[in-house]
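Asks: I have a structure here, written as structure tokens, and I will follow up with some questions on it.
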Amino acid sequence: MKKLHVFWLGVLLFAACSDNANEAPEPPVALNRFADTTLQQIYTHQDERNTAALLPYLSHENNTYREAATLAFGSVQDTNVIEQLAPLLNDKEEAIQKAAAYSMGQTRSGSADGWLQGALGQTTSHEVKKVILEALGKCGDENTLNFIISFATNNDPLLMEGQMWALYQFGLQRITSKEGTALAVQMLDASKPYEVRFAAAHYLARASIDLKDHTKAMLQHFEDEPDIMVLMNIARALRKTQGDEVATTINKYLRLDTDYRALVNTISACHSFWLKYDEVNEVLFEMLNHPNTQVAVKAAEYFAARGQEKDVERYLTYQEDSIHWRVRAKMMEVALDKCNKAQRNEINAIITSLYENTSNPYEKGALLTAMSADTANRHFVAEATFNAKEKVISTNGIEALGLMLAKTQFTNNKLIADTATARIFLPYWIKAVQSGDVAMIGSASKYLTDTLYSYNTTITDDQFLKDALANMQLPIDIEGYAQLLATIDYFEGNTTPTPVPDMMNNPIDWELVCSIPEDQQVVINTDKGDITLQLMINDAPGSVSNFIRLIRDGFYGQSVAHRVVPNFVVQDGCPRGDGWGGPTFSIRSEFGALRYETGTVGMASAGKDTESSQWFITHSPTPHLNGRYSIFAQVVKGMEVVHQLEMGDRMLGFEIK
């Protein structure tokens, strides 16, 4: 009899996801957890940010529903429910205790601090304690930081890991202490578990701290660390150390045949202001020819930041076809930026020739950026910007004009107000705002708010800004709309920001969700090979179903990797190819208790609940994105292809397996 009841329950659940419940149902196969209509309701309330509808589920007798509702508040992020979530820190189910700690941390509210500290002393589960410790790092203040540092871990791996993630979360808030930093350095010792070293290294790499008193220890840890994921973050942290031995270590390491990600982060360490140019420039010149494009691009970025006039002729040698176009364009920018007046015409002619002889719109955009080093190029850049057929060129062009003006602000490293030059650029900003193009509007309106030039006293009528705002469409133009709205507030002297209107987000398509198996994969065919994604329908039904719908609609037909940041992300899904585009709808964020690892696939956004079509894949773990960007898939095959993708590479097809 019991088996019969289970059978008919399966039939009813399957029928709830069928096109027509009156028709004879197919065999009752639940493709994913959302055959359960109660879970559908909970996720719908989460998607709608409906706190009132979610609250009753926090006391539901069913553990699955109670956990789902508790985790839902990690996306809702309503600070008013902290008191209702707090009792769940002592729930009979460990999974729900962890969910409550996570969601309370997601509020990033100080009012959660006391509840979390209290629960930390009551629970016996070290897994729960670890989650609570990290949540305290999101919600606490300086006093909480001191509590975390003095917290007795007794060398327990889970507690030490939680302690380090707490320090990391404090570091993201720019709350640090010398004692906390010293503790993190100690945790890099090879005797500590990998997870502890991993968390400590991320804190040391990202937090705004001074490590010069720990230089010897950091170099020793750099030499001893066996795991590349930990090593790359120690490498990045070296920029905060100081001493001649640092340059020696960097020079030696950059000549090793090792993981490109560690090389990228080691090059980042060279940007430190105290590290002398002559101590590392030779090895970085070698890196410009590195077979891995990301390493070469990162080396070029170093010269953009630290280059010197004495090496201008040497920079100019990197214009050959054998050099990757991103490196070539950046080195021409460096040459123009560092040259003397007598060299400018020659270098401008080289850059102009490169621009006219390439058909690659991304290279053209990079060369317009290179021209920003000389205001004499403003006419050429403006003409290219406003006459471009490809959006990526016009977007780079307007940003190049902004860079051009910004570079006139500094004389002998002192900020000055060159108002005469600013007036010359004003017609460009007005024309861009009136262009109707979201990228040009967003960029130009930002430049108009530069208080250094007081454009708000020059322009007496801001009607052109209001006209542009009236013609923008939400949610597709959200990023430009928000910036333009802020610019209007600036011109009208509004000290209280005008809120962006509520957007109509697409609801979750439950019929589509119920048709997606929990083992659903998508194969992306690229210029460099195939990438296989494992979709996470049980964790992010809205994001996954949106992705599937866009694929089926042909939205991603031969899309382009429009953004590649060395050892960070590859980003795709913009129909414009410049990062400013998307469909005419948006979806809401789904912040599950998941973490960004190597090959994690997330939804790009311009802020919470603004996701649409753009997505990205991480090159390596990126914990600062955790709980801030929706995770909906994971690369399970073809990660070597992801590492090879470059800006402008095409996605030739998306196959739903």
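The values are calculated or read from the model by the stated rules, or taken from the named source; none is laboratory data. Just so you know, these numbers come straight off a predicted model, no measurement behind them. Cβ coordinates were reconstructed from backbone atoms using ideal geometry, including for glycine residues, and neighbour counts include every protein chain displayed. Note: accessible area is taken over every heavy atom of the protein model, side chains too, but ligands, DNA and RNA are not part of it. Shrake-Rupley method; radii C 1.70, N 1.55, O 1.52, S 1.80 Å.
Asks: Taking the stretch 620-648 on its own, how many of its residues are in contact with a strand residue (DSSP E or B) (Cβ under 7 Å, 6 or more places away or on another chain) and not hydroxyl-bearing (Ser, Thr, Tyr)?
Replies: Residues flagged as in contact with a strand residue (DSSP E or B) (Cβ under 7 Å, 6 or more places away or on another chain) and not hydroxyl-bearing (Ser, Thr, Tyr) within the stretch 620-648 amount to 15.
Asks: Continuing with this model, one more query. Looking at the stretch 89-112, which of the residues that are of a type in the set (A, V, I, L, M) and closer than 12 Å to VAL131 by Cβ is most open to solvent (accessible area, probe 1.4 Å)?
Replies: Once the filter is applied, the top-ranked residue is ALA95.
Asks: Just one of VAL544, VAL513 is open to solvent by less than 20 Å² (accessible area, probe 1.4 Å) and more than 30 Å from GLU640 (Cβ to Cβ); which is it?
Replies: VAL513
Asks: Having 2 or more residues that are buried (at least 21 other Cβ atoms within 10 Å of the Cβ) is the bar; report the helices (runs of 4 or more DSSP H) wholly within the stretch 288-358 that clear it.
Replies: Counting at least 2 such residues, we get 293-306, 325-338, 341-356.
Asks: Here is a follow-up. Kindly indicate whether THR618 is modelled with pLDDT of 95 or more and surrounded by fewer than 20 Cβ atoms within 10 Å (Cβ to Cβ).
Replies: Taking the combined requirement at face value, the residue does not satisfy it.
Asks: Would you check if ILE478 is within 23 Å of the chain's Cα centre (by Cα) and open to solvent by less than 40 Å² (accessible area, probe 1.4 Å)?
Replies: yes
Asks: Moving on. Can we say PHE568 is buried (at least 19 other Cβ atoms within 10 Å of the Cβ), in contact (Cβ under 8 Å) with a residue 40 or more places away in the chain and among the hydrophobic types (A, V, I, L, M, F, W, C)?
Replies: For PHE568, the condition - buried (at least 19 other Cβ atoms within 10 Å of the Cβ), in contact (Cβ under 8 Å) with a residue 40 or more places away in the chain and among the hydrophobic types (A, V, I, L, M, F, W, C) - is not met.
Asks: Being in contact with a Leu (Cβ under 7 Å, 6 or more places away or on another chain) and assigned to a helix (DSSP H, G or I) is the filter here, so list the residues in the stretch 548-566 that pass it.
Replies: Residues satisfying the conditions are ILE548, ARG549.
Asks: Can you name every one of the helices (runs of 4 or more DSSP H) wholly within the stretch 94-174 that holds 3 or more residues which are under 28 Å from the mean Cα position of the chain (by Cα)?
Replies: 94-106, 126-139, 142-150, 157-172
Asks: Which residues, taken from the stretch 241-284, are surrounded by fewer than 17 Cβ atoms within 10 Å (Cβ to Cβ) and over 19 Å from ALA217 (Cα atoms)?
Replies: Answer for the stretch 241-284, where residues must be surrounded by fewer than 17 Cβ atoms within 10 Å (Cβ to Cβ) and over 19 Å from ALA217 (Cα atoms): ARG255, LEU256, ASP257, THR258, HIS271, PHE273, LYS276, TYR277, ASP278, GLU279, GLU282.
Per-residue answers, yes or no, for (1) surrounded by fewer than 24 Cβ atoms within 10 Å (Cβ to Cβ); (2) of a type outside the set (D, E, K, R); (3) closer than 21 Å to HIS624 by Cα:
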site: LEU136; (1), (2), (3): no, yes, yes
site: PRO157; (1), (2), (3): yes, yes, no
site: LEU188; (1), (2), (3): no, yes, yes
site: TYR194; (1), (2), (3): yes, yes, yes
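Asks: So which pairs qualify, if the first residue must be in the stretch 263-289 and without any contact (Cβ under 8 Å) to a residue 60 or more places away in the chain, the second must be aliphatic (A, V, I, L, M) and assigned to a loop (DSSP other than H, G, I, E, B), the Cβ gap must be under 9 Å, and the two must be at least 6 apart or on different chains?
Replies: Every condition considered, the pairs that remain are LEU263/LEU256; ALA269/LEU275; LEU288/ILE323; ASN289/ILE323.
Conditions tested, residue by residue: (1) crowded, with 17+ Cβ neighbours inside 10 Å; (2) of a type in the set (D, E, K, R).
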| site | (1), (2) |
| --- | --- |
| THR419 | no, no |
| GLN434 | no, no |
| GLY442 | yes, no |
| THR451 | no, no |
| THR458 | no, no |
| ALA470 | no, no |
| ALA482 | yes, no |
| GLU492 | no, yes |
| VAL500 | no, no |
